[in-house]
1. Which of the residues belonging to segment 14-58 are without any contact (Cβ under 8 Å) to a residue 12 or more places away in the chain and touching a Gly at 6+ places or on another chain (Cβ under 8 Å)?
2. Quick test for you: out of Thr11, Thr38, pick the one residue that is in a helix (DSSP H, G or I) and either small (Gly, Ala, Ser) or under 24 Å from Trp140 (Cα atoms) (or both).
3. In segment 59-77, which residues are crowded, with 18+ Cβ neighbours inside 10 Å and touching a residue at least 60 places away in the same chain (Cβ under 8 Å)?
4. Right, Leu115: in the same structural domain as Glu42 (by TED's automatic domain parsing) and either at pLDDT below 95 or not charged (D, E, K, R) (or both) or not?
5. Within segment 157-213, which residues are over 17 Å from Gly231 (Cβ atoms) and in contact with a Pro (Cβ under 8 Å, 6 or more places away or on another chain)?
6. Restrict the check to segment 87-99 and report whether at least one residue is free of Cβ contacts under 8 Å to residues at least 12 places away in the same chain and either over 24 Å from Gly169 (Cα atoms) or not polar (S, T, N, Q) (or both).
7. With a cut-off of at least 3 residues that are charged (D, E, K, R) and assigned by TED's automatic domain parsing to the domain that holds Ser94, name the strands (runs of 3 or more DSSP E) lying wholly within segment 132-246.
8. Can you name the condition, by its number, that Asp102 falls short on among (1) more than 17 Å from Val238 (Cα to Cα); (2) free of Cβ contacts under 8 Å to residues at least 40 places away in the same chain; (3) surrounded by 12 or more Cβ atoms within 10 Å (Cβ to Cβ)?
Amino acid sequence: MPFGSWSYIGTYPMGNVSISRRTMNFGWSLTTSHGKDTALHEIGHSLGAKHEHQNPFSGIQWNRQGVYDYFSGPPNNWSRRKIDSNILDPVSASDVEGSDWDSNSIMHYEFRAALIEGPPPYDSAGIHPAADLSPKDKAWAQHFYPALRKKDYVDLIPFQSEVIQIEAGGQVNLVIKPKTTRKYTMQSFGEADTLMVLFEDDGTDDPIYLQADDDSGSNYNAKIEHRLMKGTTYILRVRLYWANAAGETAVMLW
């Protein structure tokens, strides 16, 4: 497809992008080694990863005018604002949960030496990430998306709160088996930032996404209202971004 290769980051499309619009695009063939790296890079964005060269701990000293000149020309033809948001503006240190700078990350662009003023040796050699996922890429993907085990699933009973006893970055998986067909409300309680996602269990390893709410950075708690059908099993996944204190976060269904 035309218009380059890109992807929305993480859960942003939920509630912000029409279901009829694509959330990822590939502008060239993926059958080459470069194409494979492109696919891995964009999938990384969809999983929530941002550009590694924008890591606030990278220490890269940019030739800013050189970067503007290079990326404003073909084949990118980017605006100054897009160059800032994709290359020059570092991610806020308070938003980073991950490793120190990884110059071999799949999320790192390649840069020739003329675009970098320091530190050595990058000002003379440039930055040329190795192909494929780096060891740190793999380690952090497994950290943020651990394997799900059936024993980790807990039944969520209507009108009974389920206390979330996990560390920040952890996830609980709650099973809902409604006894009547009606509209239900699922909500988190307590001083916490959570992402709540509701799925329909279709008997496969890839349940059907239904709805989500993300209360991170806001003063309200994650809340989902959805019509649930008797005889259907649902999975409510809750990921804890931050909690004021252990044991002060709970989820209830009613």
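The values are calculated or read from the model by the stated rules, or taken from the named source; none is laboratory data. Since the structure is predicted, the reported quantities are computational estimates derived from the model, not experimental observations. Here the Cβ positions follow ideal geometry from the backbone for every residue, glycine too, while neighbour counts run over all protein chains shown.
1. Matches in segment 14-58: Ser29 only.
2. Thr38
3. Ile60
4. Numbers: in the same structural domain as Glu42 (by TED's automatic domain parsing): yes; either at pLDDT below 95 or not charged (D, E, K, R) (or both): yes.
Criteria met by Leu115.
5. Within segment 157-213, just Gln171 meets the criteria.
6. Yes, segment 87-99 contains a residue that is free of Cβ contacts under 8 Å to residues at least 12 places away in the same chain and either over 24 Å from Gly169 (Cα atoms) or not polar (S, T, N, Q) (or both).
7. Result: empty, no element qualifies.
8. Single failed check for Asp102: (2).
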